[in-house]
Amino acid sequence: MIRLISDKLVTLIEKNADLIIDKWTQKLLSDPTTASFTERKKLKKVQEKARAILGNLGTWVSYDTDKVDIGRVYAREGIAMFKLGIPLCEGIKALILLKRILWLFVMDESSFDSVLELNQMRELNDRVVLFFDRAEYYLIRGYMEEMNRKMKKLWDLTEQDTEEIFFKKSFYNQ
């Protein structure tokens, strides 16, 4: 297992996951572009998902975590988000806000007294951004795949019909 030089910062985030989620929840509830989350059921569900991300951040940002694993998990999350009735743009905005609140927390709680600490911040930023980028991609894919399935079922559409909307080879059956 390859260790991160930013393990100290990852531990700080994992230990303060509830505080970060509280700040993130306040932002979700006050932002007009995330109006779906004012519904209690949807908010509770995304808070659970955020807790799973932050509480296990070390695993998600590890060099050993396979992007295929992230793909499987977040494609399923996209499907679940569609079934919950959360618009895709709001789900992505929620992830963007979580990443932002997370980074602001790290910046507020850290100091840059040495080159090592600066490298820890740089590495953490790189790993977190990479994880969130991958999670967003697969979340969108899962969401679109579920939307495709739902359209076929509701309107008895063929693969060719939905390719007019989603384009040929949009899905990779992974």
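The values are calculated or read from the model by the stated rules, or taken from the named source; none is laboratory data. All values derive from a computational prediction rather than experimental measurement. When we count neighbours, we look across all protein chains shown, and the Cβ atoms used for this are built from the backbone with ideal geometry, even at glycine. The accessibility values were calculated without ligands, DNA or RNA, using every heavy atom of the protein model including side chains. Shrake-Rupley method; radii C 1.70, N 1.55, O 1.52, S 1.80 Å.
Where does each of Arg127, Arg134 land when they are ordered by accessible area, with a 1.4 Å probe and the largest first?
Numbers: Arg127 25, Arg134 65 Å².
The most accessible residue leads, giving Arg134, Arg127.
Farthest toward the positive end of the dipole of region 104-152, out of Val129, Met107, Met151, is the Cα of Met151, where the dipole comes from beta carbon charges about the Cα centre. For the chain, hydrophobic long helices are taken as DSSP H runs at least 27 Å long by C-alpha position along their axis with mean Kyte-Doolittle hydropathy of 0.0 or more; these are 88-109.
In the context of the full set of protein chains, residues of the chain present 59 Å² of accessible surface per residue (probe radius 1.4 Å, heavy atoms only).
Value of Rg to Rh for region 1-93, rounded to two decimals, is 1.01; Kirkwood radius and Rg both from alpha-carbon coordinates.
Report the calculated FRET efficiency for Thr59 and Gln160 (r = Cβ-Cβ distance, R0 = 35 Å), to the nearest 0.05.
Working: r = 41 Å, r/R0 = 1.17.
That gives a FRET efficiency of 0.30.
Over the chain, DSSP H runs of length four or greater, each weighted -39,500 (n - 2.57), average out per residue to a 222 nm ellipticity of -25500 deg cm²/dmol.
Computing Rg and the Kirkwood Rh from the Cα coordinates of the chain gives a ratio, Rg/Rh, of 1.03.
Counting protein heavy atoms only, region 44-136 has 54 percent of its accessible area on carbon and sulfur, 1.4 angstrom probe.
In debye, nearest 20, what is the charge dipole magnitude of region 1-152 about its Cα centre with +1 on Lys and Arg Cβ and -1 on Asp and Glu Cβ, if you could check? Mind dumping the intermediate values first?
Working: 26 positive and 22 negative charges, 180 e Å.
So the dipole magnitude of region 1-152 works out to roughly 860 debye.
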